[in-house]
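Working notes, structure below.
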Amino acid sequence: MTLREALLDAARRLEIHRVSNPRLTAEVLLAHCMSVDRTYLYTHDDRILQDEERRRFEHALRQRISGVPLQYIVGRQEFYGREFVVNPSVLIPRPETEFVVESVLEVHRELPELHSAHGVSIIDVGAGSGCIGLTLALELPTAAVILADVSIEALRVAQTNARNLSARALFVCMDALDAVTGPFDFVVSNPPYVSPRDAAGLQREVREYEPPVAFFAPEEGMAFIRRLVESAERLLKPGGFLVMEIGFGMEERVGSLFGPRWERRPAKLDLQGIPRVVIARMKPRVGHPPA
């Protein structure tokens, strides 16, 4: 079987099983199994697929047809122009989470008081693969960044990504913000915000293969966010920011959690115009500039 024939057959099978983007998926899987880039598949489309390559490709196809996310099969996902290692211990980075990074960078550019020689202090809560915190560490090279997660397996993935990307960060295994004292300039997070009652409505790939602790939270998805706001109020410097991703229709409920010590900023909208990132600032002390 040539590479061209293998791709045609694989795309047909994926389409029959209603896998999205069947042709692209077939190309990505075959290139991964052969350890080549996708261009090679077209410049050598008459090459015969070797037995071992064919076995690996068949295994990968069966995994994808059974619902395993493509990113877990190939072990990587792009985020903010960089490649991150992923596995079932961590949430797969999504494009909408890049708005968290963009929001922090916009605030940092806007406020001169955050431009000290020592850099800003940032903690990424529920860091998973480290896509938010490590990206900020690379975009703000003088920043002191901590990545925190309740899962030691997730932190191992984040540490691998830090090494691969040459990003500097500290790693803390803890639940929410229970094991740090701060103070921080930024608390950032893509927290779990899906109600367990909504699990049936999620894609099969999400529901069956991604880590539930990264998706689901009690109290209609608000439990972790509530803890995050309470902890951030204790740990942020005066003038510091909480920047976190939220789900569809959550802006009003999340906004109600911020008391008189907070200044709310307009939510960051995603490409569909949905409020995606909540941005809130601890009020600076009267007569004192932010630290």
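The values are calculated or read from the model by the stated rules, or taken from the named source; none is laboratory data. Remember, predicted model here, so these are calculated numbers, not experimental data. In this analysis, Cβ positions are derived from the backbone assuming ideal geometry, glycine residues included, and neighbour counts consider all displayed protein chains.
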Qualifying positions in the range 142-158 - in a helix (DSSP H, G or I), in contact with a strand residue (DSSP E or B) (Cβ under 6 Å, 6 or more places away or on another chain) and farther than 16 Å from Arg76 by Cβ = Ile152, Leu155
Enumerate the helices (runs of 4 or more DSSP H) found wholly within the range 49-117, keeping only those where 3 or more residues are surrounded by 14 or more Cβ atoms within 10 Å (Cβ to Cβ) and free of Cβ contacts under 8 Å to residues at least 24 places away in the same chain.
-> 51-65
Out of curiosity, is Gly259 over 24 Å from Glu98 (Cβ atoms), of a type outside the set (Val, Ile, Thr) and part of a strand (DSSP E or B)?
-> no
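Yes or no, residue by residue, for (1) touching a Gly at 6+ places or on another chain (Cβ under 6 Å); (2) among the small types (Gly, Ala, Ser); (3) closer than 12 Å to Ala10 by Cβ:
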site: Arg23; (1), (2), (3): no, no, yes
site: Glu27; (1), (2), (3): no, no, yes
site: Ala31; (1), (2), (3): no, yes, yes
site: Ser35; (1), (2), (3): no, yes, no
site: Arg38; (1), (2), (3): no, no, no
site: Tyr42; (1), (2), (3): no, no, no
site: Ile48; (1), (2), (3): no, no, no
site: Asp51; (1), (2), (3): no, no, no
site: Phe57; (1), (2), (3): no, no, yes
Which one of Ile65, Ile92 is of a type in the set (Val, Ile, Thr) and over 14 Å from the mean Cα position of the chain (by Cα)?
-> Ile65
When both residues are 6+ apart or on different chains and their Cβ atoms are under 7 Å apart, which pairs have a first residue that lies in the range 248-267 and is not assigned by TED's automatic domain parsing to the domain that holds Val107 and loosely packed, with under 15 Cβ neighbours inside 10 Å, and a second that is assigned to a helix (DSSP H, G or I) and among the hydroxyl-bearing types (Ser, Thr, Tyr)?
-> none
With the checklist (1) surrounded by 17 or more Cβ atoms within 10 Å (Cβ to Cβ); (2) touching a helix residue (DSSP H, G or I) at 6+ places or on another chain (Cβ under 9 Å) in hand, flag the one item Leu155 doesn't pass.
-> (2)
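Matching residues to (1) at pLDDT 95 or above; (2) more than 23 Å from Arg226 (Cα to Cα); (3) in contact with a Pro (Cβ under 9 Å, 6 or more places away or on another chain):
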| position | (1), (2), (3) |
| --- | --- |
| Phe79 | yes, yes, yes |
| Arg82 | yes, yes, no |
| Val85 | yes, yes, no |
| Ser121 | yes, no, yes |
| Asn161 | yes, yes, no |
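Do the conditions hold for Ile132, that is, is it closer than 22 Å to Glu113 by Cα, outside any loop (DSSP other than H, G, I, E, B) and in the same structural domain as Pro93 (by TED's automatic domain parsing)?
Considered against the rule, which asks whether it is closer than 22 Å to Glu113 by Cα, outside any loop (DSSP other than H, G, I, E, B) and in the same structural domain as Pro93 (by TED's automatic domain parsing), Ile132 comes out as no.
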Looking at (1) farther than 24 Å from Glu98 by Cβ; (2) of a type in the set (Gly, Ala, Ser); (3) modelled with pLDDT of 90 or more, find the lone condition where Ala232 falls short.
-> (1)
